[in-house]
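Once you've had a glance at the structure underneath, I'll fire off some questions.
Where a number appears in this text, it was derived from the coordinates with a stated rule and is not lab data. Since the structure is predicted, the reported quantities are computational estimates derived from the model, not experimental observations. Cβ atoms come from the backbone with ideal geometry, glycine included; neighbour counts cover every protein chain shown.
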Amino acid sequence: MNDRQLSNNNYHLPTTNIAAILHDRAVSSPLVPAIIDTYKSSSRITSFAELELAASRACTLLRRSGLQPGDAVLVFYPMSAELYGIMLALFRLGLVAMFLDPGAGRKHIERCCNLHPPQAFIGSPKAHLLRLVSPALRRIPIKFAIGFPVPGAISLHSGRHLPLDPEIVRCNADTPALLTFTSGSTGQPKAALRTHGFLIAQYRALAQTLQPTPETIELTALPIFVLANLASGMTTLIPRGDLRFPSAIVPSPIIAQIQTHKPNRILASPAFLERLAEYCLKHRITLPSIEKIYSGGAAVMPGSIAQWQHISPQAEFIVVYGSTEAEPIAHISDRDIKHEDIVATLNGRGLLVGKPVFAIQLKIMYQQWGKPINSYSRAEFATACLPPESTGEIVVSGNHVLPSYLHGHGNEETKFNVDGTPWHRTGDAGYLDLQGRLWLLGRCQACIEDEYGILYPFAVEAVVQYYPGIRRAAVVSHQGQRILVIELNNRQAQINLTSLQQSLANYHIQAIKIFKKIPVDKRHNSKIDYPALHKLLQVSRSTD
C-alpha cells in the first residue's frame with residue numbers, strides 16, 4: 001500500500017474512532033515496523049502500512065458477512081500481527097471486539113456469552129475446537145477462522161483478494177469498542193466495556209506516563225498496551241511463547257529475540273520479568289540495548305528492580321500502578337526511590353508507587369470495603385476522605401476510569417458518584433505521603449483486623465521478600481492466627497524460620513508455613529490469590 005492509497009479522500013477520520021489515530025500512523029510512517037512477532041518459527045515484521053492493508057481488507061469481508069455497527073465479535077487469538085489487524089478492522093467498522101479467557105472453563109464462556117451474546121466469532125482452528133464442547137460458541141451466528149480452513153467457518157484469508165474498504169465508521173465518545181471479562185467474586189463475570197472515547201483517553205494517559213517514542217522498539221507482553229504503541233508509532237516486539245502463563249514462560253527464545261532485535265524498552269508483568277531475570281542471572285547475560293523497563297499488573301517488589309539493575313544497569317525501571325478499570329493510576333522510576341523510601345518499606349510502610357498521573361483524581365477514603373456506597377455530595381465526600389499519611393481505601397476518577405460495568409453487574413461493590421461524577425473503588429488500601437506520593441498496603445479484603453489491631457498485607461509481605469531465598473510471601477488470618485506463608489526460590493534455599501519470625505515480632509506473626517507454590521491470579525501470575533490460599537491452609541491443617 002502506498003501513501004496515495006492511505007491518503008485516499010474516501011477515508012472518514014472522526015476523532016472519536018480510535019482507528020482514526022491508528023490510520024494516521026500508517027499514513028505518516030507507512031514503512032516503519034508496527035509489530036515484530038513469530039510466524040512459523042521465524043521472526044516476521046509487519047509495517048504500519050501492511051497492518052492497515054490487512055485491516056482494510058478484513059473490513060470488506062466482515063461487512064459483507066452482514067455485521068452491523070454495535071455488533072460484538074468474540075476473538076480467540078494470541079498476541080500477533082493478525083490479532084491487531086483484526087482489532088483495527090473491528091474498530092473501523094464500529095464493531096465491539098470481545099475478549100474472554102477460554103482457559104477459565106466452559107461455564108465462564110457460557111456466562112460471558114449470555115451476558116452479551118456475540119454476533120460473530122473469530123478464532124484459530126484450535127479455538128474452533130471449543131465449539132464441540134460449548135453450546136454458547138455454537139450459537140454464534142457468524143464464524144471466521146484464521147489459518148487452516150475450519151468447517152462451518154469463513155476463512156479470514158479469503159479476504160486477501162477483496163477490494164479495500166476505506167471507510168472508518170463515525171463514532172461518538174460513548175460508542176462501544178472493546179469488551180473484556182473478569183471473574184466476579186460471586187462467580188458472575190464482570191464485563192468491562194471500553195468506549196472509543198475511553199480508549200482515546202487511556203491512550204493519552206498512557207502516552208503521558210510511558211512516553212512512547214516513534215520508531216523505537218518495545219518488547220510488550222501486555223495486550224492492551226500494544227494499542228497505545230501503535231497509536232504512538234512505536235514498534236512492538238511480541239514475546240515468543242505462551243503469554244497466558246507469564247510465570248511459566250520459557251525465557252531463552254525471548255532473550256534471543258532481545259539479542260536479535262535489540263528493543264529499547266520492555267513492558268511486562270512482574271512474573272514475566274522475574275522469569276527473564278532469573279535466566280539472565282543464571283547464564284550471566286546482560287541486555288545492553290534496554291533503556292527503560294516498565295512493570296505493572298501486580299505489586300512490583302524491590303527485589304525485582306534490583307535484579308534488573310544487574311542485567312541492564314543502564315536501564316531505568318518504572319513501576320506502573322493501575323487496574324483493568326483504571327490504567328494508569330500512578331508511576332515511579334527507580335531513580336526517584338530514595339534510601340529512606342526503602343527503609344520505610346522495611347519498616348512496614350508499604351510499597352511506593354509514585355505520584356498519581358495528571359489525568360486522574362485520586363483520594364484516600366476511610367476504609368469501608370464490602371459496604372456499597374451509593375452517592376455523596378461534594379461536602380460529604382470531602383468528609384469521607386482522609387488527610388496525607390492516613391491509610392484507607394484508594395478511589396479514583398477520570399476520563400480513563402471505567403464509569404460502569406456492562407449492565408451494572410459489579411457496580412454496587414466498586415462504583416459510586418460524587419455530585420454525578422463517577423468514581424471507582426480500586427479495592428486497594430494505601431495512603432498518600434506528604435509529597436503526594438501513593439504507597440500501597442495491599443488488598444482491602446486481605447486486611448487483618450484482630451485483637452492486635454489492623455495489619456495490611458504489604459506491611460509484612462514486602463519486608464519478607466527482601467529475605468534471600470524467598471520468592472513470594474503472603475500473610476493471612478486463618479482460624480484466629482496470623483500466619484505467614486512463604487514460597488522459596490528453590491528447594492535448596494535455607495531459611496531460618498525462628499530468626500524470620502523474631503524479626504517480625506512487631507507484626508505478631510504466630511506461625512510460618514512453607515508452601516511449594518503460593519496461589520496467584522491467572523492473568524498476571526503475580527497477585528496473591530487469598531481465597532485459594534485459605535483453601536490450601538484448610539487442607540494443610542486437615543492433613544497435619
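If the chain were replaced by its equivalent ellipsoid, with semi-axes equal to the square roots of 5 times the Cα gyration tensor eigenvalues, what would those be, largest first, whole Å?
40, 26, 24
Neighbouring Cβ atoms within 10 Å as the yardstick, rank C447, C171, C385, C59 fewest first.
If I rank by nearby Cβ atoms, fewest first, I get C385, C447, C171, C59.
Using the beta-carbon distance between N172 and Q259 and R0 = 51 Å, what value does 1/(1 + (r/R0)^6) give for FRET efficiency, to the nearest 0.05?
0.65
Something else now. Show which lysines lie in cross-link reach of K338 when reach means a straight Cα distance below 21 angstrom and same-chain residues fewer than eight apart are skipped.
K292, K355
Tell me, V343, V320, V27 in order of fewest to most beta-carbon neighbours within 10 Å?
The most exposed by this proxy come first: V343, V27, V320.
Sticking with this structure for a sec: Compute, for the range 448-543, the length of the dipole vector about the Cα centre, with Cβ point charges of +1 (Lys, Arg) and -1 (Asp, Glu) only. Units Debye, rounded to 20. Numbers along the way, then the final one.
Details: 12 positive and 7 negative charges, 111 e Å.
Here the size comes out at about 540 debye.
Grab the other residues whose beta carbon is less than 13 angstrom from that of R491, score K and R as +1, D and E as -1, and report the net.
The answer is +2.
Grab the Cα-Cα distance for I45 and N417, subtract it from 0.36 nm times how many residues apart they are, and report the gain in nm with one decimal.
Fully extending the segment from I45 to N417 adds 129.3 nm.
Under 18 Å Cα-Cα from K513, which lysines qualify once same-chain neighbours fewer than 8 residues away are excluded?
The qualifying lysines are K535.
Size of the dipole of the range 143-214 about the Cα centre, Lys and Arg at +1 and Asp and Glu at -1 on the beta carbon, nothing else charged, in debye to 20?
140 debye
With a sphere of radius 13 Å drawn around the Cβ of L90, what net charge do the other residues whose Cβ falls strictly inside it have (Lys, Arg +1; Asp, Glu -1)?
On the way: positive: R63, R92, R194; negative: D71, E82, D165.
Charge balance in the 13 Å sphere: 0.
What is the list of residues in the range 461-505 whose amide nitrogen lies under 17 Å from a point 7 angstrom out from the Cα of H310, following Cα to Cβ?
465-472, 489-494
At 0.36 nm per residue, minus the direct Cα-Cα distance, what do T498 and T213 gain on full extension? Give it in nm, one decimal, please.
Stretched fully, the T498-T213 segment lengthens by 97.6 nm.
Helix 196-210 versus the longest principal axis of the chain: what is the Cα-based angle in degrees, 0 to 90, to the nearest 10?
Roughly 60 degrees, rounded to the nearest 10.
May I pose another question? Could you give the alpha-carbon Rg of the range 202-242 over 2.2 N^0.38 Å, rounded to two decimals?
1.10
Right, here's the next one. If you line up the Cα atoms of the range 257-333 on their principal axes, what length do they span on each, largest first, in Å?
The Cα atoms of the range 257-333 stretch 37, 23, 19 Å along their principal axes.
Given a Förster radius of 35 Å and the C-beta distance between R335 and Q368 as r, what FRET efficiency does 1/(1 + (r/R0)^6) yield to the nearest 0.05? List each step's numbers first, then the result.
Values: r = 37 Å, r/R0 = 1.05.
Calculated value: 0.45.
Classify the range 7-101 as rounded, prolate or oblate, taking a ≥ b ≥ c as the square roots of the eigenvalues of its Cα gyration tensor: rounded when a/c is under 1.5, otherwise prolate if a/b is larger than b/c and oblate if not.
oblate
Measure nothing fancy, just the Cα-based angle from helix 18-28's long axis to the longest principal axis of the chain, in degrees from 0 to 90, nearest 10.
70 degrees
Which whole-number percent is the relative contact order of the range 448-543 (Cα, under 8 Å, 6+ apart)?
The value is 22 percent.
How large is the charge dipole for the chain, taken about the Cα centre, if only the Cβ atoms of Lys, Arg (+1) and Asp, Glu (-1) carry charge, to the nearest 20 debye?
The calculated dipole for the chain is roughly 1560 debye.
All other residues with a Cβ under 9 Å from the Cβ of A299 taken together, and with Lys, Arg as +1 and Asp, Glu as -1, what is their net charge?
0
Please state the shape class of the range 156-254: rounded when a/c is under 1.5, otherwise prolate if a/b exceeds b/c and oblate if not, all from the C-alpha gyration tensor.
Judged from the Cα gyration tensor, the range 156-254 comes out rounded (a/c under 1.5).
Further question: Provide the gained length on full extension for the span L346 to S375, in nm with one decimal, where the gain is 0.36 nm per separating residue minus the Cα-Cα distance.
6.7 nm
Within the set K107/K527; K282/K522; K107/K262, which residue pairs have Cα atoms separated by over 31 Å?
Over 31 Å apart, Cα to Cα: K107/K262.
For the range 487-496, in order, what is each residue's ³J(HN,Hα) by Karplus, 6.51 cos²θ - 1.76 cosθ + 1.60 with θ = phi - 60°, in whole Hz (x at glycine and Pro)?
Those phi angles translate into 10, 8, 4, 7, 5, 7, 4, 10, 10, 7 Hz.
Check the straight Cα-Cα distances from K371 and name the lysines below 20 Å, setting aside those fewer than 8 residues away within the same chain.
Result set, ordered by chain and number: K190, K363, K415.
Kindly express, to the nearest 10 degrees and within the range 0 to 90, the angle between helix 251-261's C-alpha long axis and the longest C-alpha principal axis of the chain.
Computed tilt is about 60 degrees.
Going toward the positive end of the dipole of the range 322-387, with +1 on Lys and Arg Cβ and -1 on Asp and Glu Cβ, which of L352, W369, S333 do you reach last?
Highest projection toward the positive end goes to W369.
Give me the distance in nm between label points sitting 7 Å out from Cα along the Cα-to-Cβ direction at S158 and Q479, one decimal.
6.2 nm
Can I ask one more? Calculate the all-directions average of the projected area of the range 448-543's alpha-carbon convex hull, and give it in nm². Spell out each step's value before the answer.
On the way: hull surface 25.4 nm².
The directionally averaged projection comes out at 6.4 nm².
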